Structure formats: structure tokens, C-alpha cells
1. Provide the packing ranking of 398-409, 577-588, i.e. peptides ordered by the mean count of other C-beta atoms within 10 Å per residue, highest first.
2. Taking the Cβ-Cβ separation of Arg74 and Thr362 as r and a Förster radius of 56 Å, what is the calculated FRET efficiency to the nearest 0.05?
3. Over segment 299-429, what is the relative contact order in whole percent, taking alpha-carbon pairs under 8 Å and six or more residues apart?
4. In square angstrom, rounded to the nearest 10, how much accessible surface does Phe363 have for a 1.4 Å probe?
5. Can you tell me the accessible area per residue over segment 470-533, all protein chains present, probe 1.4 angstrom, in square angstrom?
6. For segment 98-144, what does the accessible surface come to per residue with a 1.4 Å probe? Please give it in Å².
7. Segment 423-497 to segment 69-85: how many Å between their Cα centroids?
8. I need to check one value: relative contact order of segment 46-106, counting alpha carbon pairs closer than 8 Å and at least 6 residues apart, in percent.
Amino acid sequence: MTSSNRFRLGALALILVLGVAPLSGWSQTSVTTLYGWSATNISGKIEMDGALPTEGLKNFLNIRSGGFAEDTTRISEGAPEHFSQDAIAGVTVLRHFERGRVAYTGSGWSLTGILMADKRVDDVLNELSSLTDASNWTIEISDAPVGPPAPAAVAQQNVETADPAPAVAPAEIDTTELPELGIGDESPLFVEDLAAGELPPLTLNAGLPKFETAEAMEPVADVTQTAETSVAQPQSDAQGSTEASGSPVPLTDDQLPALTLDAGLPRFDAVPEANSTPEVAGKPIVYQWSASNLGGVLTFSGDVPTDGLRRYLLVRAGEGAVDGMAVVAGAPEGFVDATLAAMDPVLALDESEVSFDGQAWTFSGRADTEDTIDAVARLLDANDLTKDWKRDLSVRPVSLTVTKAPDGEIELAGLLPADALKSYLRVISGGGNVDGIRIGGTSNPDFVSSAAAGVRALTNLETGELKFDGSRWSLEGKSLTDLDASSAKSLVAALPNGGDWAMNITQAPLFDICSRAVTAFSNTHTILFAPASARIEADSRNQLSDLAGELLKCPEADLYVEGHTDADGPAEANMALSVARAEAVIEELIGLGVSYTRLYAVGYGETLPIASNETREGKALNRRIVFELVRQQ
């Protein structure tokens, strides 16, 4: 079958599989949703469409392709087994096409198109088979159309032959007769209502190579042989495999070669020796490189000899890696191996750096515990490439940050030397949140006493922050009263190093002081009334005098008095009773000197219970007066 016929058959197969045009007579009753994906190359611009199983594979394919011109893929479950390996292999060889497509349509993989002028079918097939098992792929590809070699080119070969036969030029191909690939079509890769059960069997790959293992394959024929052959003719697979091993050996999953990042890329394995340093403008290049890790995010800078190495390092670094590397020839001997060896210790710490200055390697890092530092040191010592590197490894100093929010909640974070101290600080902070505390670090003898005094001082403040950054303590915040501020300052002043603390404690705004006092009164005092009436009991009258004293301290704040009842009796009567009780409290406060213009009575009846009305205890809780202070508008 000619390349042109195979090409037409491949185009027909794509139409049948993709369902671009429905065929008459097909049943539409069996509906199947197919998992589909494709990548298309048009003159070096690669576009990707369809579904992919992970964001990581999507990023990897983008790197492998050199950057997609357009990417409309989505992340979706349901990918078949070995999908990632097949997709990577397909994108790798797709770069060799002038126009081509690799696709998975739910029923299988396909590769179609016309190769670049300097590529050959056998070369591409061999590369594909080295990356994945393509024995079941539908493959319809052809060499680029070529004409006879130029007379001058033949003459320059200077090959003498005895009575050479006249060269016969291959027939030129009229490209206008080639069928349309449909690569630029914007039609969907697959149709959801395709009746998959009615698809006819497709055996378009009949007669293609069986993709033997590397040991059973014949080397690819050189496309520049002699003047006797103007275009290299690929050997049949049956002949090549028989000469090599006698019979083909099928490639199984466990024999698949590793997918290295430079597979199919230009080879730059020949690294110049150290004494062959390149020069720019007469000056030797100083080969430098570094990788730093801060909180799990790696940043690269400097020179690498190949783009394959650059891509490998970025993939190994993981998501968020920052690329500042440039591909520069002239790497010293052993540079690539040393760079690869550096990745394990760099990733073992969350704060580390490895660098090469043109002459020597240096590794530095910090960790929370001595055990982690020892483990990284053993990792460096175990590798002949890294054991002699200059290194600077240390345990971090302890640190502590404690914050108190306006609602009184306290949060603790940092690195403490012992779990017992973590528990102790949690207790004296009133049950603060210690989820942000790690155990480890190095500390001085004053750290424990300073941490305890600082947390106690913070509890005296309305809001604030206590902080130790590894070298200095600081405390700042707002107090409700001068007494609270003095108590906090005296706790710090009693420390041996108290004079070295940075202190900034100010008094909270007057409204904040009053608001906290009113809230505390409302939560701790119960205003009692005579049964089924709005008459305040004598004990509650005495309590209201304390509230009036707090209100007189902040005359520019209004007070809302909210009345609530239980569910006994009619709802309308309960609503009226709640309003009457709130008004009774206001009248009492007015008599104690609070201006009536600042007081508002609100009744809610039985509508806002805080406990069950089915029990005596619950009813008692629901019969209540609530006070809320608000800023005057």
C-alpha cells in the first residue's frame, strides 16, 4: 500500500473513530461517553485539546512540546491505563512532523501526518517504540515529498563508480492531490452521543512493524548512504528482526524504557573538559549555578549544559519552582552528575541552598531538629560526589509569636524547645490555640522564663502580640485600664533581660473599655422579675447600679436593653411582657443617672430562645435581659 493510500485510509479511520460526520444507518440507541484527547502540530505550532487526568501531566506535556500554541484541555477522570506514558510518547514524536496529530479517542491511539523534510518514517517509529508499546496504535505517517538531489550535491560526493547506472529520480508528488488532514478543524475530538457499539472494527495498522525490544531491532538505515541511492529505503521489519535475533520479541510493560526528559531531544552528552572553558569577547566564562529551597519552593539560577537537564530539574523541584537557568555550553567535568546529586539534600530540608561558583560546591541548610541535620549530613557523606562539599548546616533558634484578638482568643505559633513548655503556655494563656507550635530549635537559658512572663503579660491586655524572632523579645498591644498596662509592664521588668525588650502598650479606646464592661455584666448578671410581671426584684436593682456606673464613663455610647421570655402563655402576651420588662430596666437606669436619650428598649418575647422550653432549667435561661452597647451615629 502506498504512502498516499495509507494516508487516505488513516483520514477515513479518524472520521469513523471521531464521529465527525454521522453515518446513515447507524444505530443511535447505545450512548457512550468516550475519553478523548489530541495534540496537533501545524508547522511547529502545537495545540492540545480534550481531557487529561492530572494537572501535573498537563504541565509536563507543555514543557515537552516546547510550549503549546493553544491549550484547551480540561482535567477529567477516566483515563485508560498507561494514558500518561502514551501521551508523553505521542507529543515527543509529534515535534518531528510538518503537519500531524496524535490522538486518543476512547477506542485507541492514532498517529497521522507528514514528517519534516529531515525526518524519516523508520526513525520516528523507532523512537515511538522506545517510549511506549505502540503495537496497537493506528499509525498513518509519510515522509515529506522530495525531489531528485541537486546535480551539484551529487557531484560533490566525489564517489567513483564503475559504469554507474543513470539515477532515476522519484516521481514528484502533487501536494494538491493529498487529502485534507482536517487538523485545523475546530470540531470536537469526540461526540458524546456516539453509538460506540456500532463502530466497525478498524485494522489500519495491519502490516506495520511489531516494535521489538532494543536487542531485537536492526539499527536505522543511514539516510545519506552513497551516490547510488538518492532516497534511503527503509528495510522491512521482518527482514531486520530476523537478521538480528531470528524472531521478533514482543515488548511488554515491564520492559518499557524509562521516560527520560531528554528523550527525543538533541543530545548534548559530550560535556567539554574543564580545560576547554569557552570564551566570550576573549574572557573565559565562569560557570555558575545554584538552587535554593525556601518553604518547599525551589529557585534555580545560573548555567546548565542542556535544556533536558534544565527541564528535569524543574520537574524534580515540583510545583512553583522558579526558573532562572540558561543553557550554556562549557560545563566542567562532572557538573551534570553533581547537579543531580544535589537535589536529594536540597529537597530534604525546607530551608537550604546548593551552589557552584565555577570552582567548588557549597551546601547550606537549616532545620528544626538536630536529627534532621544529622540525616542530611549522612546523605551528603554517602555520595562520593557530595561528601567533600563545603557545608554549613545548623539547627534553627527557637521562636515564638502569640497574638490576642479582640474576642479574647489567643493563638500561639513558633518553634519551642520542649513539648512540656508548649503545654504550659497553653494553660497560662487560658487555653490558647497551639496548633502552630513545632518542637525543636536551640535556645538560651532565659527563653522559658521570658516566654512564660510574656504570655502572662499579654493576657492582661485587651489585644496585642508577643514575639521572639530568635534574638529579641517584643510586646505590643492595648490595655483597658492603666492597671492592666502596669501589670503587663511589671511582669516583663522583673525578668533579667527585661530591659532589652521592645515594649509598646497603649490604652484602648474608651468605647472598647465600656463595651467589654457591659458585655461582661450581661454575661454574669441575671435581672430577676416578680412572676408574670415587669417588677424588678430588689437584688437586681442593686446590680443595675453597677451597670449605671460603667455607662457614665462613656456618655457617647447608646445602650440597647433586650427583653426575652419563655414559651409559657400566649405569644402576644409574652411579646408585651418582654417589652415591659426592658422598659422597666431603662426606667431604673434613668433613675441612676443615665440619660434617657441613650437608652432603647426592645422586646423579643419567646422568639429567640437560648435553651429548651421543655424543661424548668431551659425556661429559666430563656427569661433574660440582654445589654448591648453601640456607638452613637
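The values are calculated or read from the model by the stated rules, or taken from the named source; none is laboratory data. These numbers come from a predicted model, not from an experiment. Glycine also receives a Cβ, built like all others from the backbone with ideal geometry; neighbour counts cover every protein chain displayed. Surface areas here come from the heavy atoms of the whole protein model, side chains and all, with no ligands, DNA or RNA. Shrake-Rupley method; radii C 1.70, N 1.55, O 1.52, S 1.80 Å.
1. Taking the mean over residues of other Cβ atoms within 10 Å, the ranking is 577-588, 398-409.
2. Using R0 = 56 Å, I get an efficiency of 0.80.
3. Normalised by residue count, the contact order of segment 299-429 is 16 percent.
4. Solvent-accessible area, nearest 10 Å²: 0 Å².
5. 55
6. That works out to 32 Å² per residue.
7. Taking the Cα centre of segment 69-85 as reference, the centre of segment 423-497 is 53 Å away.
8. Computed over segment 46-106, the figure is 36 percent.
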